Amino acid sequence: MKTPKKPGWWDEFVAFAVKGNAMALAVGTIIGAAFSTITKSITDDIIMPIVAIFMGGIDFSELKITLPRLFGEAPVDEAGNAIANTLNYGNFIAAVINFLILALVVFFLVKGINRIGDMAKKKEEPAPEPEAPAEPEPTKEELLLAEIRDLLKNK
């Protein structure tokens, strides 16, 4: 009698890779990378030049601090010029603005998708059943008859 063969790692990988969740993740990653380049272009080519106008024409990519050399001579490039050791904080500011734009767009995207999902749920929910009407208050005659009944029971 033959025992059934256990699936190998390749079979498990193929089963995982063709699942809907894995494919959706792959598509989302590819689209996210493309969207990131768009937001980087918006930041670098549109927003930063406008911000630079209000900051006196400063180019953020040129904002840097030259750090001192502590040991040895500064390295030189092919032309014989010393290569400065710089802290480029302007590029960091541009990256932070790029992140904020991307986060804002994703926020509004998720908010819109959630709103669509909420509208779909409301359509699926059955209408609430109307409440049964409350019993009317007993009249004076009914109260009097109930009192007489209780007195007769106690006799």
Of everything in segment 30-55, what is among the hydroxyl-bearing types (Ser, Thr, Tyr) and either touching a His at 6+ places or on another chain (Cβ under 7 Å) or surrounded by 10 or more Cβ atoms within 10 Å (Cβ to Cβ) (or both)? Give them in sequence order. 36, 39, 41, 43
Based on what the data block shows, is residue 58 of a type outside the set (Asp, Glu), modelled with pLDDT of 80 or more and either over 30 Å from residue 12 (Cα atoms) or in a helix (DSSP H, G or I) (or both)? no
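To keep it simple, each residue is scored yes or no on (1) touching a strand residue (DSSP E or B) at 6+ places or on another chain (Cβ under 7 Å); (2) at positive phi; (3) not polar (S, T, N, Q).
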site	(1), (2), (3)
34	no, no, yes
61	no, no, no
67	yes, no, yes
78	no, no, yes
83	yes, no, yes
93	no, no, yes
100	no, no, yes
112	no, no, yes
115	no, no, yes
Only one residue in 11, 44 is among the acidic types (Asp, Glu) and more than 25 Å from the chain's Cα centre (by Cα), so which one is that? 11
Tabulated pairs, segment 126-150, first without any contact (Cβ under 8 Å) to a residue 40 or more places away in the chain, second surrounded by 10 or more Cβ atoms within 10 Å (Cβ to Cβ) and part of a helix (DSSP H, G or I), C-beta under 8 angstrom, 6+ apart or interchain: 138/146
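The values are calculated or read from the model by the stated rules, or taken from the named source; none is laboratory data. Since the model is a prediction, treat every value here as computed from it, not as a measurement. Note that each Cβ is placed from the backbone with ideal geometry, even for glycine, and that neighbours are counted across all protein chains shown.
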